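A.B. asks: Dropping the structure in here first, questions after.
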Amino acid sequence: MGESPFKSRAGETSSDYAFLQKFHSAKLNKLTNADKKLLILRDPLTRVAAVYRNKFVQRDGNSGIFSDFANKTGRDPAETSFSDFVTLYLFKARQNDLSDLDKHLWPQASHLAKVDYDTVLPMENLHAVISNIIGQEVANMYFLQVTNSSISASAPGSNTWMGDIPASRLRTEWEHRGALPRDDQLFNKMLHDRLKELYAQDLQLVREVTSKLG
C-alpha cells in the first residue's frame, strides 16, 4: 500500500486485503468503462494448498478462517493437518456449497464481475502479460515478486507425503528452516480427485484459458 494515496488511513482496516477492498474497489459502472478489464485465474487446487500453508502454517491474517474452521468442525485449527482441513472442512460444506466456507476458498467462477473481460489469464502468466499492458518497469515494481510467499518455499529433498502432519509441526519447520510442504507433498489421489469435483467450474475456466494461450 506504499503507493496508495490512502496509505495514511491504513490503520482503519485489519489487513492489506481489507485495505484494498475499502479504498481500491471499483463499482460495476466504473469497471464497465475501464480501458482494460483483466480476469486473473489461479488453479483452484494450488489455491487450496496455498490457503492451508498461508493461514494454518504461517498463520498470516488467519483469524477469520481459524474461527470458522473451529466453529464448523469442533477441531483446533492449529493442530489440523492438510488432509483434515480438506476432509473435515471443504468436503463437509453444505451440499458442496463452498460459499458456506471462508471466502479464501470460494470458487472464482462464483463471483466474477458482470463485465466483458478483455484478457483472461492464469496467475502464472501474470507478470508477462501485465508487462505488455503497463510496461516492464512498472510491472517489475508490482508484479515480479510474490509477496505472500507460501509458493516459493518448500520442504527440500523429500517426496514424503506430509498431508497428515499437524499444522503446528509444519509451522515449527517453517520457523526453524523456512521450509513449507509443496503441493505434491500435501495431496494424495483421494484429496486431489475430490477437490477436482468441488472446483470443476474453476478448472474448466483454467482449461479454456490455457488452450487459448496455446
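The values are calculated or read from the model by the stated rules, or taken from the named source; none is laboratory data. The model shown is predicted, which means the values in this text are computed figures rather than measured ones. No Cβ is skipped: glycine too gets one built from the backbone with ideal geometry, and neighbour counts run over all protein chains shown.
A.B. asks: For segment 100-149, give me each residue that is under 30 Å from GLY64 (Cβ atoms), hydrophobic (A, V, I, L, M, F, W, C) and touching a Phe, Trp or Tyr at 6+ places or on another chain (Cβ under 9 Å).
C.D. replies: Within segment 100-149, LEU101, LEU105, ALA109, LEU126, ILE130 meet the criteria.
A.B. asks: Quick check on segment 19-36. Is at least one of its residues outside the structural domain of ARG207 (by TED's automatic domain parsing), in contact (Cβ under 8 Å) with a residue 12 or more places away in the chain and closer than 30 Å to HIS192 by Cα?
C.D. replies: The answer is no; no qualifying residue exists.
A.B. asks: For ILE40, state whether it is in contact (Cβ under 8 Å) with a residue 12 or more places away in the chain, at negative phi, touching a strand residue (DSSP E or B) at 6+ places or on another chain (Cβ under 8 Å) and of a type in the set (Val, Ile, Thr).
C.D. replies: When the stated conditions are applied, ILE40 passes them.
A.B. asks: Any idea which of ASP84, ASP76 is crowded, with 16+ Cβ neighbours inside 10 Å and among the acidic types (Asp, Glu)?
C.D. replies: ASP84
A.B. asks: Moving on to the next point. So in segment 13-41, with the set limited to residues that are in a helix (DSSP H, G or I) and more than 24 Å from the chain's Cα centre (by Cα), which one is surrounded by the most Cβ atoms within 10 Å (Cβ to Cβ)?
C.D. replies: Per the stated criteria, the residue is THR32.
A.B. asks: Within segment 81-133, which residues are of a type in the set (Ser, Thr, Tyr) and outside any helix (DSSP H, G or I)?
C.D. replies: Matches in segment 81-133: SER81, TYR117, THR119.
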